[in-house]
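Accompanying notes for the structure given below.
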Amino acid sequence: GEDVEQSLFLSVREGDSSVINCTYTDSSSTYLYWYKQEPGAGLQLLTYIFSNMDMKQDQRLTVLLNKKDKHLSLRIADTQTGDSAIYFCAERFSNDYKLSFGAGTTVTVRA
Amino acid sequence: ETGVTQTPRHLVMGMTNKKSLKCEQHLGHNAMYWYKQSAKKPLELMFVYSLEERVENNSVPSRFSPECPNSSHLFLHLHTLQPEDSALYLCASSQESGQVGSDTQYFGPGTRLTVL
């Protein structure tokens, strides 16, 4: 199966860290992605990680992958109001065009 | 700015109308995609074109007709749509090279379609 699951909502105080979680069911997935969608806009690629990696850091973003538990997380340090958006987790298999997306986590940053 | 543009950004049409959505990518990619994003549902892949040939059609109704005249342009022709077809239609492109680490999809801003 290719189900990708995410919690639907996350509320975070400005300046705190946000952690968005994602689980997937197919252990053969090769690439895992995080996309951000702001209101009225398309999907913006934030970062991706290969399945043979455990962690990837890019400025305020840290991606952790637990392949054994099929769990992916995105941590946003020092969350700002501009981080308010919907965050999508997606998986893709090698030699396959298809991206399987989760339903998205709506992150609300409060002052 | 992702380098993928879509027009129009908003479209309202009746069920008997015929309209087209346009996507253009400025990234030199060789694959293009149409996705449908409905409220409270995961993104659904509709069509994939690689090197201007359709490689996947995920059981999309025939009232949606894609066209890819070249590697930079992708169209979605719409006719006799239903109200449940109202959604955000997203275009994406990627460079399919078969190498590890390639093939990341970059998305356009989408067309918000409302069918009355």
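What follows draws every value from the coordinates through simple rules; no lab data is involved. Bear in mind the structure is a predicted one, so any value in this text is a computation, not a measurement. Heads up, the Cβs are rebuilt from the backbone with ideal geometry, glycines too, and the neighbour counts pull from every protein chain shown.
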Quiz prompt | Candidate aspartates and glutamates for bridging to residue A:68, where Cα separation is under 14 Å - those fewer than 8 sequence places away on the same chain excluded | solution = A:26, A:54
Quiz item: Which whole-number percent is the relative contact order of region B:1-95 (Cα, under 8 Å, 6+ apart)?
Solution: 37 percent
Self-check item: Neighbour-count ranking [beta-carbon atoms within 10 angstrom, fewest first] of B:40, B:22
Solution: B:40, B:22
Exercise. For every other residue with a beta carbon closer than 14 angstrom to the beta carbon of residue B:116, add +1 if it is Lys or Arg and -1 if Asp or Glu, then tell me the sum.
Key: 0
Quiz item: How much net charge surrounds residue B:58 when only other residues with a Cβ under 12 Å from its Cβ are counted (Lys, Arg +1; Asp, Glu -1)?
Solution: +1
Exercise. Bin all alpha-carbon pair distances of region A:1-65 at 5 Å intervals from 0 and give each bin's fraction as a whole percent.
Key: 4, 12, 22, 27, 22, 10, 4, 0
Self-check item: Reciprocal mean inverse distance between Cα atoms of the protein assembly as shown - Kirkwood radius, Å
Solution: 18.2 Å
Practice problem: Determine the sum of side-chain charges near residue A:82: Lys and Arg each +1, Asp and Glu each -1, restricted to other residues whose C-beta is under 12 angstrom from that of residue A:82. | Solution: -2
Exercise. Work out the P(r) tail for chain A: percent of alpha carbon pairs separated by more than 21 Å, whole number.
Key: 30 percent
Self-check item: 10 °C / 1.306 mPa s Stokes-Einstein diffusion coefficient of region B:1-76, Kirkwood radius on C-alpha pairs, µm²/s
Solution: 118 µm²/s
